[in-house]
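To keep things clear, I will list the structure first and then write my remarks on it.
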Amino acid sequence: MSSRNVTIRRLAQGDVPYLRSLNALFGEAFADRETYTAQPPSDAYLETLLAKEHVAVLVALAGGEVVGGLVAYEFDKFERARREVYIYDLAVLEGHRRQGIATALIEHLKDMAAQRGAWVIFVQADYGDEPAIALYTKLGVREDVLHFDIAIDA
C-alpha cells in the first residue's frame, strides 16, 4: 500500500470515533498506552476540541481504518500578525510506515496552515528517533534546542 491508497482527512465534530482510534494508534506507536487510552476524555470534551479552529487533527485512512495521524496546534503571534503551527503528535502504524503517509499528513497540514496565514510549522523529535529525524530533515531545517517541561503544582 502507498500513500496513494490513503485518504487524509481533518477531523471535525462528529468524528470522535476516529479521534479515539488515533489516540489508540498514538499509544501503540509511542509505547505509551497509559497516557493515550487509560483515562479517555468524554465525547463532549472531544467534540469541543474538534470544533476549535486552532486545533488540527488529521488522520490517514486506509479502507476506513486510521493508519496514521497528527495533532497540531496553531499559535497567534504577537510580534507580527502571523501564526505558527506546532505538530504535537505524529505517528503511522508500523505496517504502514515508509509509504509516504507521514509526509502526506504534513503536506496536508502545510496547505491548511497556508490558508490560515501561518508562516511556519515546527515539530520536535527525540534524540535517537532516527526515522522522525530523517523525515523532518527531509522536510525542513533543523534547529538544535533544549526543551524543558515545567510542572504545574496542583
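The values are calculated or read from the model by the stated rules, or taken from the named source; none is laboratory data. What you see is a predicted model; the values in this text were computed from it and never measured. Neighbour counts run over all protein chains shown; Cβ positions are idealised from the backbone, glycine included.
Please work out which residue is farthest from Ala114 (Cα to Cα), limiting yourself to region 33-57 and to residues that are of a type in the set (D, E, K, R) and more than 16 Å from the chain's Cα centre (by Cα). Within region 33-57, the match that is farthest from Ala114 (Cα to Cα) is Glu34.
With respect to (1) in a loop (DSSP other than H, G, I, E, B); (2) touching an Asp or Glu at 6+ places or on another chain (Cβ under 9 Å); (3) surrounded by 13 or more Cβ atoms within 10 Å (Cβ to Cβ), the lone exception for Glu53 is condition (3).
Residues in region 58-82 that are in contact with a strand residue (DSSP E or B) (Cβ under 6 Å, 6 or more places away or on another chain), more than 19 Å from Arg116 (Cβ to Cβ) and at pLDDT below 95: none. Taking the criterion of being in contact (Cβ under 8 Å) with a residue 40 or more places away in the chain, charged (D, E, K, R) and over 19 Å from Asp111 (Cα atoms), the residues of region 26-85 that qualify are Glu28, Glu65.
Only a single criterion out of (1) under 18 Å from Tyr136 (Cα atoms); (2) of a type outside the set (Phe, Trp, Tyr); (3) without any contact (Cβ under 8 Å) to a residue 24 or more places away in the chain; (4) surrounded by 19 or more Cβ atoms within 10 Å (Cβ to Cβ) is not satisfied by Asn23, namely (1). Scanning region 86-117 for residues that are assigned to a loop (DSSP other than H, G, I, E, B) and either more than 16 Å from Leu58 (Cα to Cα) or free of Cβ contacts under 8 Å to residues at least 40 places away in the same chain (or both) yields Arg97, Arg98, Gln99, Gly117.
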